[in-house]
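Below: the structure, in structure tokens.
Any read-out appearing in this document is the output of simple, stated calculations on the displayed coordinates, not a laboratory observation. What you are looking at is a predicted structure, and each value in this text was computed from that prediction instead of being measured. Here the Cβ positions follow ideal geometry from the backbone for every residue, glycine too, while neighbour counts run over all protein chains shown.
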């Protein structure tokens, strides 16, 4: 496996939707690329492993609008590569299977830009497999044909040859033209009673399959309101789904959840919800930026308080008591460590530190109560810039000397119009901090523009208070006030709310 090179373009397939189907090579390139040009149909979590400083450029079709012109995409690739960047062109499925990867590779060759092709798992095989339909099967189909269903001229395809093809027909991007496709095959001699199926959102949490015959499948798809992305299969193998279907119905199937957390933090929540069947709208409205500073010696403090995993990361980047190596957890050996929330405690544990104090409720007021009987003379509060002063003020009222150290700040992350529209139309929108509320409203406008059907989910009372301050009433408040609490609250609400 070659090392990613500067001034080089990688045309890589991201698979059909399930992040688990990303190849090891694609994951390596995502983690190392300077620039990533991506399509709409890449897995939702595909960009979670990108570098914080990577340039992420959307070059697909979004929200039913116009596609980014192919020429513009090619100019972006060549321009960034000529500037000495490592460029990853990330495509849904496989770049050479109806992905225009060949066109882009030819453009790169003509421009003298070195490139590498990284195959991906194609939806025409994977979506069927997740639906329990093998593309070939002894005695039923010894061949398979992959066909584009996106054509404005029916004469572009040899329907007689397709009708006579002795195997499985798999149509990509054809759900909008299924009436014409089925009619053309039947007119050319394909049997009307032949089994057929359409798999919507194949390999993704919202996957579903509609079955019929070649004569009835278009009507079935219309009545079930099947949309894109979908794959159509025609042939006897479609009937095997009755015996081989293995993907179970999940409790959040059919529901869309918008996640507004910073991209680097959102993956845990998004992946957990996807595992439960939800369709995720990634709408990160905030980004976390570390605040540089001098080395920190914790030895003068008998208490160090951390309020978030970001604070833990920032603390260990600066931790240096002059005795142990920088970032060594042993520098905290003589100091009590308090944490707000299981996420903060888990981040400490990753550095080999067990929190001495972890309040039952994950807010500053609860930490004040947990420390009521703990003798403290000097405390360090490591947190975000402009965080609330509740905890520091309460300790100072006890006569404790408190030093507040801002290790990071929350800044606005630009939200694309398509991502904003998708978030506003979601079944649920989650807010995990006051800053996600403020920055979402900055992007969406003062009334948020949410659908009347969208249910607002708050991680806890502080976030709920911020929502109400802006005229938004949370429908759900997590208890406990954590990511796990949000998940459980969503499950309970989905089970009790008729959709």
query: residue 40 label point, 7 Å along Cα→Cβ, cut-off 18 Å on backbone N: hits in the range 416-450?
result: 416-427
- request: Quote to one decimal, in nm, the extra length available between residue 71 and residue 117 on full extension: 0.36 nm per residue of separation minus the C-alpha distance between them.
  value: 14.6 nm
task: Determine, from the Cβ-Cβ distance of residue 386 and residue 275 and an R0 of 35 Å, the FRET efficiency 1/(1 + (r/R0)^6), rounded to the nearest 0.05.
output: 0.50
- prompt: Suppose R0 equals 51 Å; then what is the FRET efficiency for residue 484 and residue 378 from their Cβ-Cβ distance, rounded to the nearest 0.05?
  reply: 0.95
field: Peptides 143-149, 7-13 ordered by average Cβ neighbours within 10 Å, highest first
entry: 7-13, 143-149
- line: Distance in Å, no decimals, from the C-alpha centre of the range 456-499 to the one of the range 22-45 is 32 Å
message: Calculate the FRET efficiency for residue 242 and residue 219 from the Cβ-Cβ distance with a Förster distance of 22 Å, rounded to the nearest 0.05.
response: 0.65
task: Return the whole-Å distance between the Cα centroid of the range 274-289 and the Cα centroid of the range 106-135.
output: 26 Å
- prompt: Once both labels are modelled 7 Å past Cα along the beta-carbon direction, what's the residue 473-residue 354 spacing in nm?
  reply: 4.6 nm
- prompt: How big is the gap, in Å, between the Cα center of the range 319-334 and the Cα center of the range 185-235?
  reply: 62 Å
- line: Output row, site residue 396, 7 Å Cα→C-beta label point, backbone N cut-off 13 Å, window the range 280-309, residues none
task: Run through all the Cα pairs of the range 8-120 and give the fraction in each 5 Å bin from 0, expressed as whole percent.
output: 2, 13, 26, 27, 20, 10, 2
message: Counting just the Cα atoms, what span does the range 133-265 cover along each of its three principal axes? Round to the nearest Å and put the largest first.
response: 53, 35, 28
- line: Classified through the alpha carbon gyration tensor (a ≥ b ≥ c as square roots of its eigenvalues; rounded if a/c is under 1.5, else prolate when a/b is larger than b/c, else oblate), the chain comes out prolate
task: Output the peptides 258-270, 426-438 sorted from most to least packed, where packing is the average of other Cβ atoms within 10 Å over each peptide's residues.
output: 426-438, 258-270
- line: Stretched fully, the stretch from residue 186 through residue 6 gains (0.36 nm per residue minus C-alpha distance, one decimal, in nm) 59.6 nm
